[in-house]
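Asker: Submitted below is the structure of interest, expressed as structure tokens.
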Amino acid sequence: MSKKIKKVLALALALVMVLALSACSKTETPSSSEPASSTQPSSSEPAPSSEPEPSSEPEPVEPDNRLAAEAYEYDPTNYYDESDAIYDELLGEYYDYYQAAFDAKNNSERWALQAIAEAKLLGSAIMIPTTTQGGNYAITRVVPRTANTTLWGNDSDRFHQILVATEFLTPEMRNEIRAKWNELAGTGTFEEWVKGYMTEKGYTLKDNYTLGYTADPKTWDGLNTYRSADSEAIVNTVDGLLEYDIENVQQPALATSYEVSEDGLTYTFKIREGVIWTDSQGRKVADVKADDWVAGMQHLLEAGGGLEGLAANDGVKIKNAQAYIDGEVTDFAEVGVKAVDEYTLEYTLEEKCPFFLSLLGYNVFFPMSRDYYVSQGGKFGDEYNAEDEAYLYGMDPDHIAYNGPYLVTNATEANQIVFDANPNYWNADKINCKKITWLFNDGSDDLKAYNDAIAGTIDGCGLNTAAAEAAKADGNFEKYAYVSDTNATSYMAFFNVNRNQYVNYTDPSVGVSTKTMDEATRYNAAMQNIHFRRAMAASLDRGSYNAQSVGEELKFNNLRNSYVPANFVALEEDVTVDINGTATTFKAGTLYGEILQAQLDADGVKFLVYDPKADNGLGSGDGYDGWYNPEYAKAELAIAIEELAAQGIEISADNKIVMEIPYAGNSQLRTNRANVFKQSFENTLGVVEVRLLDCGDTAGWLDAGYYPDYGYQMNADLMDVSGWGPDYGDPQTYLATMTPAPGGMVKSCGIY
């Protein structure tokens with residue numbers, strides 16, 4: 001199998017950030033584990049006089065009784081071979097169907113085949129869908145629809161057009177504004193209208209926006225990361241070729257125009273002249289030229305930070321990009337991106353890509369100043385070495401070049417990040433928001449975001465259960481609370497089917513496992529049984545899980561039942577595909593989720609990922625719990641117990657499978673959600689013991705399962721910290737993350 005690297009990881013955060021499109025409730029996990037008994041011999045009793053005095057060295061301990069955290073040291077030498085074998089067994093069928101979609105005759109057939117592939121993925125139960133963003137109560141001063149709401153890419157994180165009032169907006173105002181947006185979208189007149197509307201309503205607009213954040217960027221190199229915690233900050237410092245505006249129309253940014261060849265394989269862009277790169281102090285370092293995109297693409301492919309697959313195989317296929325990654329082509333001039341002249345840029349593809357332009361708002365196509373990169377120790381080709389002590393590029397915001405609307409003027413870890421308007425920005429007259437401030441919230445105080453919002457310290461927040469009660473008590477709930485929109489980000493709980501880490505890889509004193517080696521071995525064996533995983537997946541009461549953050553009233557509102565949202569695409573024409581030997585026709589207009597459900601039904605997998613009655617009869621995969629099914633869980637468990645017994649692994653009430661779930665003990669919400677995992681799995685199945693692994697705080701929790709680069713670094717048996725937001729408008733943007741790869745999302749399952 002090819003080893004590929006993937007894209008943007010959407011971090012499931014405890015803090016709810018309110019953007020123009022929605023208030024994105026991003027909350028997570030858990031509770032404390034029971035202490036393990038000591039494996040060392042007791043020295044409290046004196047030795048009998050007839051026996052020799054005990055040695056100062058402890059007596060040897062049987063290997064199966066040692067703590068995994070003390071006894072297990074993983075050697076990654078054969079990691080990829082091991083991962084390949086496990087992947088083939090657990091997800092090989094999914095991958096075969098995934099690849100078959102590339103041979104489709106048209107988009108509709110492609111989407112139908114992708115839906116069948118996802119059915120195999122979900123049927124494997126290697127992960128459990130949890131929620132999407134939004135769907136929670138929120139309050140905000142941000143004017144709705146004044147940031148881009150496109151479902152994919154980075155443009156929704158660009159805030160230069162955002163409008164922020166000095167007072168909270170009422171739900172009635174929000175509804176009026178949203179209705180007018182629906183009327184005006186595509187006309188180019190919405191921003192002017194909404195400014196007038198706010199004035200008529202007696203509101204004052206300010207030129208700054210303050211919001212909370214919970215994870216600092218690990219790098220400021222936008223071409224060398226797939227994590228949203230990085231890209232959400234970096235995107236405000238750099239412009240690309242095209243950009244979606246607040247009416248969701250793609251507009252020229254640093255490309256003033258483009259042409260597509262008749263065969264659809266060559267895209268030629270005219271680059272805007274007169275644009276400059278500056279340093280963090282606003283001093284000019286270079287002119288923006290076509291070569292900046294050539295330098296950026298070469299750095300992307302060489303850095304291997306997780307995005308290169310989007311340019312080479314899992315998104316658009318730029319000519320020779322994959323061959324360059326694989327070393328089959330060594331001269332970058334043979335890769336299909338070149339500067340025809342100073343202000344003309346050309347991309348050449350290996351095959352047509354109907355969603356190519358939708359990718360241009362994503363950091364995989366960021367430009368990079370070649371001269372500035374070299375001045376910071378950066379090199380290209382065989383000389384590239386990010387470990388060189390002279391290499392400074394992207395280490396902090398003082399070591400990147402800017403051509404975007406903002407300069408980062410302060411970045412203090414676990415404190416704040418400040419973005420000030422770039423005085424040299426080519427489109428400075430279009431910046432509504434002159435300053436953006438991110439304020440850190442460690443999640444330890446469930447009321448901090450709400451209290452800060454009321455005090456005006458931040459401009460809005462989602463209302464978790466504690467905040468909603470506080471808002472009701474002080475009258476703000478009735479006046480200002482609204483239910484935020486949901487979006488296309490899908491959060492998942494991933495089963496680690498091959499756990500090899502028993503302390504946090506960054507700090508061995510954090511997340512210390514209580515499992516013995518025998519318990520660790522038994523767990524891995526059980527999780528590689530599909531029926532055991534299905535039993536676990538069907539045991540989780542996801543409504544109760546979600547209620548810990550959004551309350552009982554909204555607990556089903558933002559539940560998602562699939563990876564690709566059920567309504568992400570709809571067939572453009574009639575399609576006939578094979579479902580388990582039966583030619584099955586789906587009519588034009590059929591939603592992706594309906595095909596997905598048809599394959600699951602044919603496979604006898606009892607997960608309801610698409611309900612034609614949902615969303616008031618329009619059909620949806622959101623807003624209900626289609627996975628929680630205790631009867632199905634017990635039936636699958638019975639099969640698993642029989643199959644595992646044949647392997648010599650007894651599972652019973654006296655010989656349970658031990659699972660560890662990490663959580664941030666400083667957060668009551670995460671503690672509560674972790675306890676729902678424990679109660680659901682233990683009470684439904686009776687043969688699973690869940691130990692909740694306190695990682696101390698948010699940082700320790702993220703290090704357990706979000707920041708690891710490889711599966712063998714994942715210190716968890718189940719992790720619900722992350723999800724995926726789409727990079728472009730095709731289901732492949734999700735599905736590619738679960739293909740054999742170091743990076744993406746499959747690493748969350750302990751492989752690659």
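Values in this text are rule-based calculations from the coordinates and carry no lab data. Since the model is a prediction, treat every value here as computed from it, not as a measurement. In this analysis, Cβ positions are derived from the backbone assuming ideal geometry, glycine residues included, and neighbour counts consider all displayed protein chains.
Asker: Could you give me the radius of gyration and the Dmax of the stretch 472-604, taking only the C-alpha atoms into account and expressing both in angstrom?
Answerer: When restricted to Cα atoms, the stretch 472-604 yields Rg and Dmax of 21.2, 61 Å.
Asker: Just rank HIS160, HIS399, fewest to most, by other beta-carbon atoms within 10 angstrom.
Answerer: HIS399, HIS160
Asker: Holding the Cα-Cα limit at 18 Å, pick out from LYS270/LYS319; LYS289/LYS430; LYS656/LYS678 the pairs that are longer than that. Let's see the in-between values first.
Answerer: Working: LYS270/LYS319 20 Å; LYS289/LYS430 22 Å; LYS656/LYS678 14 Å.
Too far apart for the 18 Å limit: LYS270/LYS319; LYS289/LYS430.
Asker: Here's something else I'd like to know. Which order do the peptides 725-738, 461-474, 98-111, 494-507 take when ranked by the mean count of other beta-carbon atoms within 10 Å per residue, highest first?
Answerer: Highest-to-lowest ranking by the protection proxy: 725-738, 494-507, 461-474, 98-111.
Asker: Taking 0.36 nm per residue of separation and subtracting the Cα-Cα distance, what length does fully extending ALA588 through ASN106 add?
Answerer: 172.3 nm
Asker: Got a sec? How would ASP709, ASP155, ASP75 order by Cβ neighbour count within 10 Å, fewest to most?
Answerer: Least to most surrounded, the residues fall as ASP75, ASP709, ASP155.
Asker: For the residue pair GLU469 and TYR258, what label-to-label distance in nm results when each label sits 7 Å from Cα along the Cα-to-beta-carbon direction?
Answerer: For the pair GLU469/TYR258, the computed spacing is 5.1 nm.
Asker: Could you work out the relative contact order of the chain, using alpha carbon pairs under 8 angstrom and six or more residues apart, expressed as a whole percent?
Answerer: On the way: 1744 pairs, mean separation 176.0, N = 752.
Value for the chain: 23 percent.
Asker: Rank-order 659-668, 226-235 by packing density, defined as the average count of other C-beta atoms within 10 Å over each peptide's residues, highest first.
Answerer: Going by the mean number of other Cβ atoms within 10 Å, highest first, we get 659-668, 226-235.
Asker: My understanding is that a pair violates if its Cα-Cα distance is over 30 Å; which of LYS105/LYS634; LYS284/LYS338; LYS284/LYS435 do that in this structure? Please list the in-between numbers first.
Answerer: Working: LYS105/LYS634 42 Å; LYS284/LYS338 24 Å; LYS284/LYS435 21 Å.
Over 30 Å apart, Cα to Cα: LYS105/LYS634.
Asker: Per DSSP H run of n ≥ 4, the term is -39500 (n - 2.57); total these for the chain, divide by its residue number, and report the mean residue ellipticity at 222 nm rounded to 500 deg cm²/dmol.
Answerer: -8500 deg cm²/dmol
Asker: Once you place label points 7 Å from the Cα toward the Cβ at GLU573 and ASP287, how far apart are they in nm?
Answerer: 4.7
Asker: Report the calculated FRET efficiency for ASP615 and LEU392 (r = Cβ-Cβ distance, R0 = 60 Å), to the nearest 0.05. It would help to have the intermediate numbers written out before the result.
Answerer: Working: r = 51 Å, r/R0 = 0.84.
It comes out at approximately 0.75.
Asker: What is the P(r) of the chain, as percent of Cα-Cα pairs per 10 Å bin from 0?
Answerer: 3, 14, 24, 26, 20, 9, 3, 1, 0, 0
Asker: Further question: Taking H as built 1.01 Å from N, whose amide H comes closer than 5 Å to the amide H of SER722, not counting residues under 5 places away?
Answerer: Counting only residues 5 or more places away or on other chains, the set is ALA12, MET492.
Asker: Using 0.36 nm times the number of residues separating GLU73 and ALA635, minus their current alpha carbon distance, what extension gain do you get?
Answerer: Values: separation 562, 0.36 × 562 = 202.32 nm, distance 3.65 nm.
Here the answer is 198.7 nm.
Asker: Something else about it: Kindly rank 128-136, 620-628, 347-355, 438-446 from highest to lowest mean number of other beta carbons found within 10 Å of each residue. Let's see the in-between values first.
Answerer: Working: 128-136: 26.8, 620-628: 22.9, 347-355: 16.6, 438-446: 19.2.
Top of the packing list down: 128-136, 620-628, 438-446, 347-355.
Asker: A follow-up question, please. Please compute the length gained on full extension between ALA179 and LYS352, using 0.36 nm multiplied by the number of residues separating them and subtracting their Cα-Cα distance.
Answerer: Contour length minus the Cα-Cα distance gives 58.6 nm.
Asker: Let me ask you something else. Within a Cβ distance under 11 Å of ASP697, other residues only, what is the Lys/Arg minus Asp/Glu net charge?
Answerer: That sum, taken over residues with Cβ under 11 Å, equals -2.
Asker: Bin width 10 Å, alpha-carbon pairs only: give the P(r) of the stretch 225-403 as whole percents, running from 0 to the bin holding the largest distance.
Answerer: Each 10 Å bin holds this share of Cα pairs: 9, 39, 40, 12, 1.
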